[in-house]
Amino acid sequence: MHFPHAAAASGQLPKARGTQKMVAVTASVLIIAAMAYVIYFINQVEYISLFGRLAESDTAAVVEALKKNKVPYRLSDTGTVMVPRDQVHDVRLSLATEGVPRGGGAGFELFDQQKLGSTEFVQKINYQRALQGELARTISQIDEVMESRVHLALPEIPCSWKIASRPVRRWC
């Protein structure tokens with residue numbers, strides 16, 4: 001095939017002056033650089049925070065789980081674990097099923113190691129500790145909260161206040 005316009009255009013470049021050649025080369029380089037810049041930023045993956053303000057032990061556990069599951073991650077300067085935006089929710093769910101991060105205090109997992117001969121008093125104390133731990137974890141997940149610690153003072157409910165099946169005062 002014969003392209004007369006291409007031959008004419010290729011023949012014009014040697015005839016052009018020095019400044020015209022310089023402008024053509026500079027424009028070509030700028031166009032190529034702009035295209036490379038656009039392609040680079042289109043292919044960039046945006047990383048966002050997976051969990052806010054974790055303890056160092058929890059951060060290590062999260063990173064270990066991410067490595068095990070082969071999830072790409074980055075650590076920010078503040079120690080925040082960051083994952084690709086499109087994977088955040090899936091990663092949070094998969095880590096939650098593994099029990100990572102554990103959080104600062106012990107929650108209802110206290111009852112996983114229940115001893116055979118534990119008394120009702122020990123069970124009440126463990127229940128209160130579990131409530132405190134779960135509340136502290138929940139409060140710590142709020143972005144504006146750096147760290148939380150919860151202490152509950154639960155009143156002892158007298159047996160006479162409990163709802164009975166019969167309207168008779170019972171003694172505990």
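Using a simple spin-label model with pseudo-atoms 7 Å out from Cα toward Cβ, GLU46 and ASP77 lie 2.2 nm apart. Both the radius of gyration and Dmax for segment 21-149 are 23.4, 92 Å, in that order, over alpha-carbon atoms. Placing a pseudo-label 7 Å from each Cα along the Cα-to-Cβ vector at ILE139 and ALA55 gives an inter-label distance of 1.6 nm.
Working note: Karplus 6.51/-1.76/1.60 with θ = phi - 60° gives segment 42-51 the couplings 5, 8, 5, 9, 8, 9, 10, 5, 7, 9 Hz, where Gly and Pro are set to x.
Read-outs: derived from the displayed coordinates by stated rules, not from any lab. Keep in mind it's a predicted model, so treat the numbers as computed, not measured. A quick note on method: Cβ atoms are made from the backbone with ideal geometry, for glycine too, and the neighbour counts reach across all protein chains shown.
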